[in-house]
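Notes follow the structure.
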Amino acid sequence: MSHEVTTHPVPEAFASQANLTPEKYREMYSASIDDPEAFWGEHGKRIKWMTPYTKVKDVSWNRDDLHVRWFSDGTLNVTESCLDRHLETRADKPAIIWEGDDPEDSHTLTYRQMYHAVCRFSNVLKEMGVKKGDRVTIYMPMIVEAAMAMLACARIGAVHSVVFGGFSPEALAGRITDCESKFVITADEGVRGGRIVPLKVNCDKACDLANGMVEKVLVVRRTGNDVDMKAGRDLWLHEIGADVADTCPPEPMNAEDPLFILYTSGSTGKPKGVLHTCGGYLVWASMTHEYVFDLKEDDVFWCSADVGWVTGHTYIVYGPLANGATSVMFEGVPTYPSASRFWEACDKHGVTIFYTAPTAIRALMREGDEPVKSTDRSSLRLLGTVGEPINPEAWEWYFKVVGEERCPIVDTWWQTETGGTMIVPLPGTSEMKPGAGSHPFFGVQPKLVDAEGHELRGATEGNLIITDSWPGQMRTVYGDHQRFIETYFSAYPGNYFTGDGCRRDEDGFYWITGRVDDVINVSGHRMGTAEVESALVSHDAVAEAAVVGYPHDIKGQGIYAYVTTVAEVEPSDELKSELVRHVRSEIGPIASPDLIQFSSGLPKTRSGKIMRRILRKIAEDSFDNLGDTSTLAEPEVVEQLIEGRQNRK
Ligand code: 6R9
């Protein structure tokens, strides 16, 4: 990434009304670091507690006794913060504005309506036999019932595990069995970009694969098309929801009781079930949502993520609702029916804050300025991005064309594991450098280190670690605490390792440079290269596969797969298509390889370790700088791979 960017001051009109000033940020940040107990003791009160906490922070990042607890003697139910407490002053305020895939299709739910709908949903779950502590898998399209399902689980103390609706039956089954989820909530079908997604069919396949694990499936009617219902197992929400009460007492939960599990990819093995708990997560979600987005009572906030990702959890559902904000939920895609869709919907609903991913911005930028300029967008006052580094060109376009230089851009760096934003140019507090994550949020202590863990000071580049806990931190990997310790706390003992590389410039701004492990970021979706590899080798024709990321104009990174076929099978274009189909069915369309290169071998060390560094360089078309290849078992493989790469152009 180019280091030369134009720095922009905070637009004046924005600065004059911002919640924070540079001084206030510095003051609050220092307070959060100097005395975390006092700082969080105070800010923890922003959510509703049933029993107030007296303990604030109880954390050890020591490997032998690793635990993370915040507010640990407090009790609460997160839905009281998100719903009940708004009934007094915001009952008729829109809680969720739903914008359907079809631009003619939208509706609004007020806080009162949302409250009763969630209570009814909670009573339905109880009738199905869901109990406190049970895991419930949610496999849904972007309809309001997805948010209701999450909150209904929270209301009765069940632990939700939302699985992105674009995942395959195999991927869904893996996530069901990993957390032993006896209950699944799905819809008949989803609708995206004018196309139907067969959710119930996928869910049925997943239930078969999960070998009797699933006892009950609750089905929400979205399209109304016919689907098979299995007697004794499957239930329609509109049927059992018809005669349940519309109030439901909130289950008292300890601050450290689980709230949700969300599966995310790592550099090795199968996806990890990231576990978040009730108290700290909600404090973090609501606090970051307020300060990062300069939230005001009248804002209409639109986060365009899917609830299947952490961004949807924190900034469509929990953060906005805890803050009594109006949250827009969008069923469709940015380019359907046209490339003006986002901006038309902003006009339609008077959106003031808009938050999306760089990959969407790049895709829309390619369509030119006209689809943007044909819309009004005067309601917008702040723009945000998340998911991957944003290249300065896309940033400038977003700033100038979409926001007309009126709206600051908050580039929010964070992870599934962190629960909410960690590094961000808080609006109004700092000039903006396109592409820079900029500064730590309250309570966040970033540090840059070299591979051995030595701290790097001043303007420098290294691996990004966080040196102390924050309330929104994940608590464990569900069912595998050891993996939690190994993954995050073993590279730099006593510190949390993010897996990201980062540069700090001479002004102290942080710039995230991307993953330094075997995780790639495709259109803002995290993917373990190992997952794609294991999907490929599960095909009979494949002997061996190695997957790396390579620069891709729209997706940020594309998936490049090197494949060695078994002896009896000749490589062919048909086989390539077949392998792409295979990976889609094993994981889902987001994991489709963009390029497959057949090769007779892979570059390996004598001990048999694949040298991905070399494969990455070849995929990037940079052949000159392959580094030391002397440890390779068969150096000639590299020549063949380069030739193969060059021939494909
Ligand atoms: C929220 C989310 C986390 C990984 C993270 C990093 C990348 C996210 C970013 C960013 C640069 C940003 N990432 N936001 N990189 N600038 N503003 O995306 O969570 O899906 O767990 O991905 O995404 O590499 O480590 P998750």
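Values computed for the structure shown
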quantity	calculated
Neighbours by Cβ (under 7 Å, 6+ apart or cross-chain): first from segment 514-529, under 20 Å from Ala491 (Cα atoms); second in a loop (DSSP other than H, G, I, E, B) and not polar (S, T, N, Q)	Gly514/Pro389; Val519/Gly266; Gly528/Gly266; Gly528/Asp518; Thr529/Asp518
Single residue of segment 505-531 satisfying the filter (of a type in the set (Val, Ile, Thr) and out of contact with any Asp or Glu (no Cβ under 9 Å at 6 or more places or on another chain)) that is surrounded by the most Cβ atoms within 10 Å (Cβ to Cβ)	Ile520
Residues of segment 369-380 satisfying the condition of being surrounded by fewer than 22 Cβ atoms within 10 Å (Cβ to Cβ) and more than 16 Å from Pro337 (Cα to Cα)	Asp369, Lys373, Asp376, Arg377, Ser378, Ser379
Condition broken by Pro11, with the remaining ones in (1) under 30 Å from Ala117 (Cβ atoms); (2) surrounded by 18 or more Cβ atoms within 10 Å (Cβ to Cβ) satisfied	(1)
Extreme residue, nearest to the ligand (Cβ to nearest atom), among residues of segment 303-328 that are among the aliphatic types (A, V, I, L, M) and closer than 19 Å to Val410 by Cα	Val310
Output for segment 396-424, where each listed residue is within 16 Å of the ligand (Cβ to nearest atom), in a helix (DSSP H, G or I) and among the hydrophobic types (A, V, I, L, M, F, W, C)	Phe399
Meets criteria (charged (D, E, K, R) and surrounded by fewer than 16 Cβ atoms within 10 Å (Cβ to Cβ)) for Arg457	yes
Hits in segment 72-100 - residues which are in contact with a Ser or Thr (Cβ under 9 Å, 6 or more places away or on another chain) and more than 19 Å from Leu321 (Cβ to Cβ)	Asp73, Gly74, Thr75, Gly100
Options Glu417, Glu461, Glu455, Glu486; residue that is of a type in the set (Asp, Glu) and in contact (Cβ under 8 Å) with a residue 60 or more places away in the chain	Glu417
Strands (runs of 3 or more DSSP E) enclosed by segment 542-649 - at least 3 residues per element that are modelled with pLDDT of 90 or more and over 29 Å from Ile361 (Cβ atoms)	542-552, 556-565
Leading residue by the ranking (nearest to the chain's Cα centre (by Cα)) among those in segment 448-490 that are polar (S, T, N, Q) and either within 15 Å of the ligand (Cβ to nearest atom) or under 30 Å from Asp134 (Cβ atoms) (or both)	Gln473
Residue check, Ile97 under 28 Å from Cys407 (Cα atoms) and touching a residue at least 40 places away in the same chain (Cβ under 8 Å)	yes
Which listed residue, of Glu80, Glu127, is assigned to a helix (DSSP H, G or I) and surrounded by fewer than 18 Cβ atoms within 10 Å (Cβ to Cβ)	Glu127
When residues of segment 491-512 are limited to those that are more than 24 Å from the chain's Cα centre (by Cα), assigned to a loop (DSSP other than H, G, I, E, B) and of a type outside the set (Phe, Trp, Tyr), the one nearest to the ligand (Cβ to nearest atom)	Asp505
Strands (runs of 3 or more DSSP E) fully within segment 139-208 counting 2 or more residues that are free of Cβ contacts under 8 Å to residues at least 60 places away in the same chain	183-187, 195-197
Any hit, segment 7-16, residues being aromatic (Phe, Trp, Tyr) and over 19 Å from Met287 (Cα atoms)	yes
Glu393 vs. criteria within 16 Å of the ligand (Cβ to nearest atom), surrounded by fewer than 19 Cβ atoms within 10 Å (Cβ to Cβ) and within 28 Å of Pro551 (Cβ to Cβ)	yes
Count - residues of segment 297-333 that are touching a Leu at 6+ places or on another chain (Cβ under 9 Å) and either at pLDDT below 95 or more than 26 Å from Arg195 (Cβ to Cβ) (or both)	9
Condition broken by Ile97, with the remaining ones in (1) in contact with a strand residue (DSSP E or B) (Cβ under 7 Å, 6 or more places away or on another chain); (2) part of a helix (DSSP H, G or I); (3) not charged (D, E, K, R) satisfied	(2)
Residue ID - farthest from the chain's Cα centre (by Cα), chosen from residues in segment 338-382 that are within 13 Å of the ligand (Cβ to nearest atom) and under 15 Å from Gly435 (Cβ atoms)	Ile361
Residue among Pro252, Pro198 that is more than 27 Å from Arg584 (Cβ to Cβ), away from the ligand (no atom under 16 Å from the Cβ) and touching a strand residue (DSSP E or B) at 6+ places or on another chain (Cβ under 9 Å)	Pro252
Set Ser600, Ser630, Ser577, Ser607: member being within 29 Å of Thr359 (Cα to Cα) and exposed (fewer than 15 other Cβ atoms within 10 Å of the Cβ)	Ser577
Breaking point among (1) at pLDDT 95 or above; (2) within 14 Å of the ligand (Cβ to nearest atom); (3) surrounded by 19 or more Cβ atoms within 10 Å (Cβ to Cβ), for Pro427	(2)
Segment 342-359, residues that are out of contact with any Lys or Arg (no Cβ under 9 Å at 6 or more places or on another chain) and over 12 Å from Trp302 (Cβ atoms)	Glu344, Ala357, Pro358
Residues located in segment 221-235, provided they are exposed (fewer than 15 other Cβ atoms within 10 Å of the Cβ) and out of contact with any helix residue (DSSP H, G or I) (no Cβ under 9 Å at 6 or more places or on another chain)	Gly224, Asn225, Asp226, Ala231, Gly232
Of the criteria (1) in a loop (DSSP other than H, G, I, E, B); (2) at pLDDT below 95; (3) away from the ligand (no atom under 16 Å from the Cβ), which one Ser534 fails	(1)
Hits in segment 398-429 (condition: of a type outside the set (Val, Ile, Thr) and in contact with a Ser or Thr (Cβ under 6 Å, 6 or more places away or on another chain))	Asp411, Trp414, Gly420, Pro425
Search result, residues across segment 9-55 that are part of a loop (DSSP other than H, G, I, E, B) and farther than 21 Å from Arg406 by Cβ	Asp35, Ile47, Lys48, Trp49, Met50, Pro52, Tyr53, Thr54, Lys55
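Conditions (1) crowded, with 24+ Cβ neighbours inside 10 Å; (2) within 18 Å of Pro94 (Cβ to Cβ); (3) within 15 Å of the chain's Cα centre (by Cα), marked per residue:
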position: Gly269; (1), (2), (3): no, no, no
position: His276; (1), (2), (3): yes, no, yes
position: Gly280; (1), (2), (3): yes, no, no
position: Val300; (1), (2), (3): no, yes, no
position: Tyr315; (1), (2), (3): yes, yes, yes
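The values are calculated or read from the model by the stated rules, or taken from the named source; none is laboratory data. Remember, it's a predicted structure, so these values are computed and weren't measured experimentally. For neighbour counting, all protein chains shown are included, and Cβ atoms are generated from backbone atoms with ideal geometry for every residue, glycine included.
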